[in-house]
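Notes for the one structure printed next.
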Amino acid sequence: TISGLTNEPKYTHLRDLHKAIKQCESALVSVDPTVSWPGKNLEVHVYKTSFGACAAFLANYNTGTWAKVPFGNGQYDLPPWSISILPDCKTEVYNTAKVRAPRFHRKMTSVSAFAWQSYNEQPAASGGSDSFTANSLLEQVNVTRDSSDYLWYMTDVNISPNEGFIKNGQSPVLTAMSAGHVLHVFVNGQYSGTAYGSLENPKLTFSSNVKMWVGNNKISLLSVAVGLSNVGIHYETWNVGVLGPVTLKGLNEGTRDLSRQKWSYKVCSVVYYDIYPILAYLEAHQ
């Protein structure tokens, strides 16, 4: 399904295939087939039992031309590269290339029936009573334990009054690399930007100039996960969250790596965060 809707025509075409196989069940599980070749690239498999059950599979292996396959008292028209299923050895109930399922063309339409409200909330800060710390960047799901799709990564950066960017006005560049899927960046409580991964490659990099002042600066990264696959090769090793490196470039020392300094973590479970990152992620990668 796609967003809860059946994925046509694939859904119905596969459903009908299962129905056709089910109709052949008594013959398929009882005997081995007899195989014949009525013509070039044509093949017929027949399952016939002593108690009267019979099922036939007629195959046209030609990749570019239709074929008339003689069988029993008739002939059957098969499209290129297809197989027809006859559960009673007479009636074709299914052909792999004849798609009879409906086709739907979906389009996005605007909806004005909803009343939207916005909220401005102070971003989380390090040192809160409900947060914990580590001297490294941690994988998101290992921290949240599936209790939330949102995790704050927070750290402090001290800026000396001797930093060159204080005088020349050229703000330093904050770069944060994440395994996905969405990252919202706040510096000193002010929104600094958002970065998205893609369906093909969920990894992302946020890199932008950020305003910082002399003294202590608070960096808060809100990492958002929009789901992990539960199938595929080594899917248990897939991860999300800010795994780094996280760097600050444009200081007197050059580039400062923040990845191994003290980070605070806070699991975010506020409901009204839920819809925006997911919708924005999907909209950006339709």
For the chain, the per residue accessible area (1.4 Å probe, Å²) is 61 Å²
Residue-normalised 222 nm signal for the chain, counting each DSSP H run of n ≥ 4 as -39,500 (n - 2.57), nearest 500 deg cm²/dmol, is -3500 deg cm²/dmol
For LYS107, counting only lysines whose alpha-carbon sits under 30 Å away and dropping same-chain residues fewer than eight positions off, the answer is LYS10, LYS98, LYS203
Computed over the stretch 1-102, the relative contact order (Cα-Cα under 8 Å, seq sep at least six) in percent reads 24 percent
Here the Kirkwood hydrodynamic radius of the chain, Cα-based and in Å, equals 24.3 Å
Reduced to Cα centres, the span from the stretch 59-75 to the stretch 179-226 in Å works out to 60 Å
By the Kirkwood definition, with r running over pairs of different Cα atoms, the stretch 132-280 has a hydrodynamic radius in Å of 16.0 Å
Free-by-geometry Cys in the chain, Cβ-Cβ under 4.7 Å as pairing rule, reported as CYS24, CYS268
Sorting GLY74, TYR61, GLY39 by the position of each Cα along the dipole of the stretch 9-95 (Lys, Arg +1; Asp, Glu -1; all at Cβ), the one nearest the positive end of that ordering is TYR61
Highest mean packing first, using Cβ neighbours within 10 angstrom, the peptides 239-249, 221-231 sort as 239-249, 221-231
Computed over the stretch 68-220, the distribution of all Cα-Cα distances in 5 Å bins, rounded to whole %, is 2, 6, 10, 12, 11, 9, 7, 5, 5, 5, 5, 5, 5, 4, 4, 2, 2, 1, 0, 0
With all protein chains present, the chain has a carbon and sulfur share of its accessible area (1.4 Å probe) in percent of 53 percent
Taking GLU25, GLU163, GLU253 and ranking on accessible area (1.4 Å, protein atoms only), highest first, one gets GLU253, GLU25, GLU163
Rounded to the nearest whole number, the per residue volume of the convex hull around the C-alpha atoms of the stretch 9-95 in Å³ is 91 Å³
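The values are calculated or read from the model by the stated rules, or taken from the named source; none is laboratory data. Because the structure is predicted, anything quoted here is derived from the model rather than measured. Positions of Cβ are backbone-derived with ideal geometry, glycine not excepted, and every protein chain shown enters the neighbour counts. Protein only, heavy atoms only, side chains kept; ligands, DNA and RNA dropped before computing areas. Shrake-Rupley method; radii C 1.70, N 1.55, O 1.52, S 1.80 Å.
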